[in-house]
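Student: My structure is below; once you've seen it, I'll send some questions.
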């Protein structure tokens, strides 16, 4: 039975081993690089071919497109007072996120796709509202949650009325996900408030460095990519 010898064995004694000139057997160097190498953005040995094939639109800065980006249109709770309806369908109005700024003086219908976001005392309002209305929500996000009365005199009395309530632990069953943001340099009462909320609502705690109470003065910026990531997730 005959066996065909391997090519490299048959080429023993040959200077080029079948590749012609020895300079041609050196990776992709003999053809100007692999793929789009030399297209003109650095080297330009293939620039004329690129221009013929793609035209001048191939060159220049075109930016990036994020296929996972979602368009978010938000509305604050205080703005709902302007809508004179007993039942408000936020999706029908073009909104897909409800924020916790301000107060509302009537009950609202919130669907299970709603994402509630509160900051500081707004967290206390949202948690109290969810406990009283027994609504279901997709996500409850608490940023620097606060639960400790503060101030002096009459202001302390009103603050105590606002914060002094029992947290409804059944919110855990009605919220698809609960996330709490805090910071390593948050005030001591802020850390104590977080422990109160977490003991009753569990959920995920995210601690960021040098964010204080998540105000512009503490963060030095209006950008909050970590929150955006949680909302879009």
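The values are calculated or read from the model by the stated rules, or taken from the named source; none is laboratory data. Nothing here was measured: the structure is a model prediction, and the numbers come from that model. Cβ coordinates were reconstructed from backbone atoms using ideal geometry, including for glycine residues, and neighbour counts include every protein chain displayed.
Student: Quick one: which helices (runs of 4 or more DSSP H) sit completely within region 115-225 and have at least 1 residues that are in contact with a helix residue (DSSP H, G or I) (Cβ under 8 Å, 6 or more places away or on another chain) and surrounded by 14 or more Cβ atoms within 10 Å (Cβ to Cβ)? I'd like the intermediate steps shown before the answer.
Tutor: Numbers: elements: 121-133, 153-163, 171-174, 188-201, 216-219.
Qualifying helices (runs of 4 or more DSSP H): 121-133, 153-163, 171-174, 188-201.
Student: Could you figure out which of (1) part of a loop (DSSP other than H, G, I, E, B); (2) surrounded by 10 or more Cβ atoms within 10 Å (Cβ to Cβ) isn't true of residue 75?
Tutor: (1)
Student: Within region 29-47, is there a residue that is surrounded by fewer than 12 Cβ atoms within 10 Å (Cβ to Cβ), without any contact (Cβ under 8 Å) to a residue 60 or more places away in the chain and on the phi > 0 side of the Ramachandran plot?
Tutor: For region 29-47, residues surrounded by fewer than 12 Cβ atoms within 10 Å (Cβ to Cβ), without any contact (Cβ under 8 Å) to a residue 60 or more places away in the chain and on the phi > 0 side of the Ramachandran plot: present.
Student: Taking residue 78 and the conditions (1) modelled with pLDDT under 75; (2) closer than 25 Å to residue 144 by Cβ, which numbered condition does it fall short on, given that it satisfies the others?
Tutor: (1)
Student: Tell me, please, whether a residue that is modelled with pLDDT of 75 or more and assigned to a helix (DSSP H, G or I) can be found in region 82-102.
Tutor: yes
Student: Determine if region 20-27 includes at least one residue that is in contact with a helix residue (DSSP H, G or I) (Cβ under 6 Å, 6 or more places away or on another chain), assigned to a helix (DSSP H, G or I) and not assigned by TED's automatic domain parsing to the domain that holds residue 175.
Tutor: Yes, that holds for at least one residue.
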